[in-house]
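The values are calculated or read from the model by the stated rules, or taken from the named source; none is laboratory data. The shown structure was predicted, so the numbers you read here are calculated from the model rather than taken from an experiment. Cβ placement follows ideal geometry from the backbone for every residue including glycine, while neighbour counts extend to all protein chains displayed.
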Amino acid sequence: MDKTESQDSIIVFDTTLRDGEQSPGAAMNVDEKLEIARALEEMGVDVIEAGFPISSPGDFQAVQRLSREIRGCTICGLTRANEKDIDVAAEALQDAARPRIHTGLGVSDVHIEHKLRTTREGALEKGVAAVKHAKKYVEDIEYYTEDAGRADPDYLYRVLEAVIDAGATVVNIPDTTGYSTPTEFGALIAGIKNNVPNIDKAIISVHCHNDLGMATANTLAGVRNGARQVEVTVNGIGERAGNTAMEEVVMAIKTRRDVFGLNTNINTRHFYSISRLVSELTGIPVQPNKAIIGANAFAHSSGIHQDGFLKERTTYEIIDPRDVGAPDSAIILSARSGRHGLRHRLAELGYTLDGDTFEKVYERFLEVADRKKTVDTRDLEAIVSDEAGMYFEETYHLEQVQVSCGNLSIPTATVRIAGPEGEVFCDADHGTGPVDAIYRAINRVIGEPNELIEFSVQAVTEGIDAVGRVTIRIRADEESKDTRWVFSGHGADTDIVVASAKAYMFALNRLIAARREAANR
């Protein structure tokens, strides 16, 4: 297998289901692993490390089931460098379309002396024997040189040459303890390229940990110096401080193609959804300031940033949120926000204020913002109502809503709506759920084209009889202009289905009022 530096594609090896699962409390069952594996396959991951088959019956079953059901990726099983581990992994992988056995030993003196309790020569011989044994089962063998970041380079070169001669197709260079710096780790990979005579017969892989916060930087340094496989996890989960985050490495390669000149097979628009999936199944939350997929990754709070962003997105965003499947960029209103950000948010809500009125609203906004961390939609509506004496005229009024649903019935909704001339309309429709059925029924009466882009439910009070508040946002094309309006709506009721109907009517009435005002202008 000849691999040279001219290769312009990076192999993405995902170990979320093996190393990522080693995060405390992150254990997953077989069905959960399969759900994540299917998402990884769909997004274009090249290799999935499905588990450590000999470690537990659950890991064996996971590797076996993924081997049978995931056909678009290489499925990899981890082993130690002994025959029993390899035999068990081979059994788990026997139905895989593209099986890989991942075996190896430590190469640093601290691992050889204190963990393996052997000599350098003894470890080398054992590693070669493991590769030869694995070769009886599969052609694709990856050999890990654990703790390579702290190993004697000359000994590492000897080990790599020997295991490649024995049949290894991939050599994994881990910074197991996250000890290396990017300069050191890049030099290590360059040294391997220059000092291992048969390195062209194997792919160099890098596996970095984040103990000093440099996992992504070290991985990219390895890539720049000749590594062509990166070992990563979704959200960077893993042992101790975690592993290299897939989304960070892939987006760095994609965004800075001028630096790396490389590409991957990853459909980056899946990042946001798979991040949420892994977070949900492992119970490990994503920190708000997490690069690429954190809640604040595309949020702008500073007035200077908001002003620049609203004039030209690329002034403060190097990645389009749509490229990673994230919601649109957000303008967060706080005491640091300026006039431009506030005017933009008011326009999203359908408010058009003259200069004097806007200044009154802005001064009141600053007073509220000084008392709160952020100013939400309800705060703004209250401020505008008080300071501008302005709201919108309700064109349609929801008089009655009735829903039939359940696990054995088709969700159906009937609505009764009073129109602008006092006439009363009654109609019904069905949908995928009670809220969808209500919105479809309302649309049959009002017929105002729009797209629902946000829906959230929050308890206002406590207890079984709590009042639920529904907040939604709808988007519609502005007539005769190549722009889009966004309107929010909210409704509260002890029945969240009724609250959902109220919120939708609120947003639709705001949209209708805005169209009427635009027509009058």
Residue 35 vs (1) surrounded by fewer than 18 Cβ atoms within 10 Å (Cβ to Cβ); (2) acidic (Asp, Glu); (3) over 18 Å from residue 281 (Cα atoms): all pass except (3)
With respect to residue 53, is the statement that it is at pLDDT 95 or above and not aliphatic (A, V, I, L, M) true? yes
Just to be sure before I move on: is residue 236 under 24 Å from residue 33 (Cα atoms), small (Gly, Ala, Ser) and modelled with pLDDT of 95 or more in the structure I sent? yes
Keeping to the stretch 246-290, report how many residues are part of a loop (DSSP other than H, G, I, E, B), among the aliphatic types (A, V, I, L, M) and in contact with a Ser or Thr (Cβ under 9 Å, 6 or more places away or on another chain). 3
Taking the criterion of being surrounded by fewer than 22 Cβ atoms within 10 Å (Cβ to Cβ), in the same structural domain as residue 110 (by TED's automatic domain parsing), under 23 Å from the mean Cα position of the chain (by Cα) and under 26 Å from residue 103 (Cα atoms), would at least one residue in the stretch 191-207 satisfy it? no
Given the criterion buried (at least 16 other Cβ atoms within 10 Å of the Cβ), assigned by TED's automatic domain parsing to the domain that holds residue 507, β-branched (Val, Ile, Thr) and in a strand (DSSP E or B), identify the matching residue among 415, 457. 415
Matching residues, the stretch 4-42, being in a helix (DSSP H, G or I) and either among the small types (Gly, Ala, Ser) or touching a Phe, Trp or Tyr at 6+ places or on another chain (Cβ under 8 Å) (or both): 20, 37, 39
Residue ID - farthest from residue 20 (Cα to Cα), chosen from residues in the stretch 219-234 that are touching a residue at least 60 places away in the same chain (Cβ under 8 Å) and polar (S, T, N, Q): 229
If you go through the stretch 489-501 one residue at a time, how many are crowded, with 19+ Cβ neighbours inside 10 Å and either among the β-branched types (Val, Ile, Thr) or in contact with a His (Cβ under 8 Å, 6 or more places away or on another chain) (or both)? 3
Give the stretch 151-173 a look and list any residue that's closer than 13 Å to residue 207 by Cβ and either without any contact (Cβ under 8 Å) to a residue 40 or more places away in the chain or acidic (Asp, Glu) (or both), or say none. 171
Among the residues of the stretch 236-288, write down those that are polar (S, T, N, Q) and either surrounded by fewer than 23 Cβ atoms within 10 Å (Cβ to Cβ) or farther than 14 Å from residue 22 by Cβ (or both). 244, 255, 263, 264, 265, 267, 268, 273, 275, 279, 282, 287
Please identify the pairs in which a residue from the stretch 265-277 that is farther than 12 Å from residue 251 by Cα and modelled with pLDDT of 95 or more has its Cβ atom under 7 Å from the Cβ atom of a residue that is outside any loop (DSSP other than H, G, I, E, B) and of a type in the set (Phe, Trp, Tyr), counting only partners at least 6 apart or on another chain. none
Among the residues of the stretch 306-325, the number that are at pLDDT 80 or above and among the small types (Gly, Ala, Ser) is 1
Kindly evaluate residue 221 against the criterion of being under 28 Å from the mean Cα position of the chain (by Cα), at pLDDT 95 or above and outside any strand (DSSP E or B). yes
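Per-residue answers, yes or no, for (1) in contact (Cβ under 8 Å) with a residue 60 or more places away in the chain; (2) buried (at least 18 other Cβ atoms within 10 Å of the Cβ); (3) in the same structural domain as residue 475 (by TED's automatic domain parsing):
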position: 322; (1), (2), (3): no, no, no
position: 333; (1), (2), (3): no, yes, no
position: 336; (1), (2), (3): no, no, no
position: 345; (1), (2), (3): no, yes, no
position: 352; (1), (2), (3): yes, no, no
position: 361; (1), (2), (3): no, yes, no
position: 369; (1), (2), (3): no, yes, no
position: 375; (1), (2), (3): no, yes, no
Quick check: is even one residue across the stretch 233-246 basic (Lys, Arg) and closer than 19 Å to residue 9 by Cβ? no
